[in-house]
Amino acid sequence: MSACLSWTCTCLGQPLQGPGDPTLTSLVVHSHPLCLVARNGIRALVVVESCNIRRKAARLSEFSLTEAFESFSQGLSPYGPFWDLILGYWKASQEYPDKVLFLRYEDMKRDSISHVKRLAEFLGHPFTVEEEEKGIVHEILKLCSFESMNKAKVPEKGNFHEGPANHFYIRNDEVGDAKNYLMVDMMRCLDEITEEKFKGTGLTI
């Protein structure tokens, strides 16, 4: 799951309950435009586990993969049930397309240029022909790359919400590397939950 989703929920100070949640509706109607970069359940748990591996190496956590999987699959997390949150933002993006932009991480990885352009248009600042000819889009992609972010000063200093240092949350996320973190049965279970939760909604991630 994307950082912006976790950050939005943290700022609200309470979990969003998904479709129809009055807090979510109020947030959308009265806020600036929101962009959610969504992952599927498997990828979201991989992010949790990869951070946990580093935390355990630094003796900051004793949370096992099995415990993480059981909590996540049961919807027990600081920001509420993963699938309800994703579906809530998906439906909000359908009801308020000028307020909520719903993007998929895998799609962004496959075609980053068109997604940067789409985000710029959503924010009301589309690229001009001159800017595109000057390579501004490519410069933005370079600035937002893992290599560039990893060299920034932010990961080196400070921490998030008085927790682990920022560098614990920086990782080079590659599509398809879930098998390096999760067991086959876990991935199958998460896929089944996702299929059941999103059935009939038109949402696929």
Check your understanding: Do we find that L85 is closer than 17 Å to E106 by Cα, at pLDDT 85 or above and buried (at least 21 other Cβ atoms within 10 Å of the Cβ) in this structure?
Key -> no
Point to revise | Filter result (outside any helix (DSSP H, G or I) and either under 20 Å from L143 (Cβ atoms) or of a type in the set (A, V, I, L, M, F, W, C) (or both)) within the stretch 67-119 | key: L76, V100, L101, F102, L103, D111
Check your understanding: When you go through (1) modelled with pLDDT of 80 or more; (2) farther than 27 Å from G124 by Cα one by one for N52, which number turns out not to apply?
Key -> (1)
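Scan the stretch 88-107 for residues that are open to solvent by 60 Å² or more (accessible area, probe 1.4 Å) and either within 25 Å of I193 (Cβ to Cβ) or in contact with an Asp or Glu (Cβ under 9 Å, 6 or more places away or on another chain) (or both) and report the count. Step through it out loud before you land on a result.
Residues of the stretch 88-107 that are open to solvent by 60 Å² or more (accessible area, probe 1.4 Å), as a first pass: 91, 94-98.
Still in the running and either within 25 Å of I193 (Cβ to Cβ) or in contact with an Asp or Glu (Cβ under 9 Å, 6 or more places away or on another chain) (or both): 91, 94-95.
Residues meeting the conditions: 3.
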Review point. If we keep just the residues of the stretch 111-138 that are closer than 21 Å to D98 by Cα and more than 24 Å from the chain's Cα centre (by Cα), which is least open to solvent (accessible area, probe 1.4 Å)?
Key: F127
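The values are calculated or read from the model by the stated rules, or taken from the named source; none is laboratory data. On a predicted model such as this, the values are computed, not experimentally measured, just so you know. Cβ coordinates were reconstructed from backbone atoms using ideal geometry, including for glycine residues, and neighbour counts include every protein chain displayed. Accessible surface areas use protein heavy atoms only, side chains included; no ligands, DNA or RNA. Shrake-Rupley method; radii C 1.70, N 1.55, O 1.52, S 1.80 Å.
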